[in-house]
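Each reported figure results from applying straightforward, stated rules to the coordinates on display, with no laboratory input. Owing to the predicted nature of the structure, the values given are computational and were not obtained by experimental measurement. For neighbour counting, all protein chains shown are included, and Cβ atoms are generated from backbone atoms with ideal geometry for every residue, glycine included.
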Amino acid sequence: MGNCAVHLNSSYPIITSGKGVAAALVRAQEALGLALNDEKNLPKPSTIKQVQSDNPDKFVDLVAVDLDKAKENVKIPTVKKNTTIPYDLAKRAEQNNINFSRVLHEGLIRELGDDK
């Protein structure tokens, strides 16, 4: 079976491929899940009739994705940040088993008004 390329007819420029149609469609689900992972307002799905009408000479199939499952597979990269705080504050935090990374993370989210 030869390579098969997939172009997802969406607002996102997604192109993927696989060895054969089945493999290409699995890869298309993965690519779509990654593309939509951070979207708060999901685009309206295309109907298969509309996609077939727009691409009469192409093979057209549905690509669905479980966004909850896709999120489980996404690894958010982290960065290490050094910071300077007063000694007594650091000592008290350590004595109280405060997780510095968690507190900084939560504080940045609160400060930015972001829920990620």
Inset, instruction - Could you check how many residues of region 20-37 are more than 20 Å from Glu72 (Cα to Cα) and assigned to a helix (DSSP H, G or I)? - result: 4
Legend entry - Hits in region 63-106 - residues which are under 24 Å from the mean Cα position of the chain (by Cα), part of a loop (DSSP other than H, G, I, E, B) and free of Cβ contacts under 8 Å to residues at least 40 places away in the same chain: Ala64, Val65, Asp66, Lys75, Ile76, Pro77, Thr78, Val79, Lys80, Lys81
